[in-house]
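Notes for the one structure printed next.
None of the figures in this text is laboratory data; all of them are computed from the coordinates on show. Because the structure is a prediction, the values reported are computed rather than measured. Reconstructed Cβ throughout: ideal geometry from the backbone, glycine too, with neighbour counts over all protein chains shown.
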Amino acid sequence: MLKIVIFFRSLIPFESLTITTSLTFSEVLQRLDEVVTTPKPFRITLPFGPPPVKPYEGTISGKTFRINRIITGRNSFIPIIKGDIHSQPFGCSIKIRMSLHEIVIGFMLLWLWTTGSIGMFALFAWFVEPSVGPIFLPILGMFIFGWLLCLIPFKIEAKVATKFLSILLT
């Protein structure tokens, strides 16, 4: 049963992990502050320009943080990293959740719902009346394209962020 859950979680743009560290709460905040800058409404990073001083932008407040990686160019599917820091007797536990931006989630739900429902309707119509032809193939192709367009960049960036945060906080 657990393998099925892990398989289906790998098919959606969402990641969660917990990093346990021997660092104190203040050390964790200090390390995060060293790599996170305040967000700007419009950030321009040129491909051949100097790299940003800090690799992440976002906010750190109290025991929580919300950050994302600063990249060159545009990527709407970059993970928004939300974390909660919990003090423990011998260090800290950082619970991290990565997901898409809310606007991107809304757009992708609209795209996938529309193409998926029209594609399934066309598939059922083809089963009932074979003379209709397989018109569902391009529509379901758009569904699969949209899903992969969202999933692959997200998973790549989530892997980069997971590796970076694991090294930073251990």
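Selection of first residues in segment 10-24 that are at positive phi and of second residues that are surrounded by 14 or more Cβ atoms within 10 Å (Cβ to Cβ) and among the small types (Gly, Ala, Ser), restricted to Cβ pairs under 9 Å at least 6 apart or on distinct chains, gives an empty result. For segment 91-117, enumerate the residues that are crowded, with 16+ Cβ neighbours inside 10 Å and touching a His at 6+ places or on another chain (Cβ under 8 Å). Within segment 91-117, Cys92, Ile94 meet the criteria. For Met120, the conditions (1) more than 19 Å from Ala161 (Cβ to Cβ); (2) surrounded by fewer than 13 Cβ atoms within 10 Å (Cβ to Cβ) all hold with the exception of (2).
Can you tell me which residue in segment 113-156 is farthest from Arg69 (Cα to Cα), limited to those that are more than 28 Å from the chain's Cα centre (by Cα) and of a type in the set (Gly, Ala, Ser)? The qualifying residue farthest from Arg69 (Cα to Cα) is Ser131.
Would you mind stating whether Val28 is among the aliphatic types (A, V, I, L, M) and either in contact with a Phe, Trp or Tyr (Cβ under 8 Å, 6 or more places away or on another chain) or free of Cβ contacts under 8 Å to residues at least 12 places away in the same chain (or both)? So Val28 fails the test. All told, Val104 meets the bar of being in contact (Cβ under 8 Å) with a residue 24 or more places away in the chain and over 24 Å from Leu168 (Cβ atoms).
Only one of these is crowded, with 17+ Cβ neighbours inside 10 Å, closer than 23 Å to Leu169 by Cα, among the hydrophobic types (A, V, I, L, M, F, W, C) and under 16 Å from the mean Cα position of the chain (by Cα): Ile78, Ile71, Ile19, Ile85. Name it. Result of the check over Ile78, Ile71, Ile19, Ile85: Ile78.
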